[in-house]
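Heads up: the structure comes next, in structure tokens.
Just so you know, all these numbers are worked out from the coordinates, no wet-lab data involved. Just so it is clear, the model here is predicted, and its values are computed rather than measured. Cβ placement follows ideal geometry from the backbone for every residue including glycine, while neighbour counts extend to all protein chains displayed.
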Amino acid sequence: MVCKNCIMRKVKEEKLKVSPKCNKDLGAALLQKIRPDHQV
């Protein structure tokens, strides 16, 4: 499990455009689309 802040930090620091795991395009405005999962 990874927290929202960790995901956002990795995306910003590495300027990710694709998923590091499956290499799929993450799309435009990724940081605005990330939301917390309250069930976790």
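Based on Cβ point charges of +1 for Lys and Arg and -1 for Asp and Glu, what charge dipole magnitude is obtained for the chain about its Cα centre, in debye rounded to the nearest 20?
Working: 10 positive and 4 negative charges, 12 e Å.
Rounded to the nearest 20 debye, it is 60 debye.
Go ahead and estimate [θ] at 222 nm for the chain from helices alone: -39,500 (n - 2.57) per DSSP H run with n ≥ 4, summed, over the residue count, rounded to 500.
On the way: 2 runs with 15 residues, N = 40.
My calculation for the chain gives -9500 deg cm²/dmol from helical runs alone.
If you keep only loop residues by DSSP, which trypsin sites (Lys or Arg not before Pro) in region 3-40 have at most 15 other Cβ atoms within 10 Å of their Cβ?
Values: sites: LYS4, ARG9, LYS10, LYS12, LYS15, LYS17, LYS21, LYS24, LYS33; in loops: LYS15, LYS17, LYS21, LYS24.
Of the trypsin sites (Lys or Arg not before Pro), the ones in loops of region 3-40 whose Cβ has at most 15 other Cβ atoms within 10 Å are LYS15, LYS17, LYS21, LYS24.
Using the beta-carbon distance between LYS4 and ASP25 and R0 = 22 Å, what value does 1/(1 + (r/R0)^6) give for FRET efficiency, to the nearest 0.05? Before the final figure, lay out each step's value.
Working: r = 20 Å, r/R0 = 0.92.
With a Förster radius of 22 Å, E is 0.60.
First measure r as the distance between the Cβ atoms of ARG35 and LYS15, then evaluate 1/(1 + (r/R0)^6) with R0 = 25 Å and state the FRET efficiency to the nearest 0.05.
Details: r = 21 Å, r/R0 = 0.84.
Here the calculated transfer efficiency is 0.75.
Compactness ratio of the chain: Cα Rg over 2.2 N^0.38 Å, N = residue count?
Numbers: Rg = 10.3 Å, N = 40, 2.2 N^0.38 = 8.9 Å.
It is 1.16.
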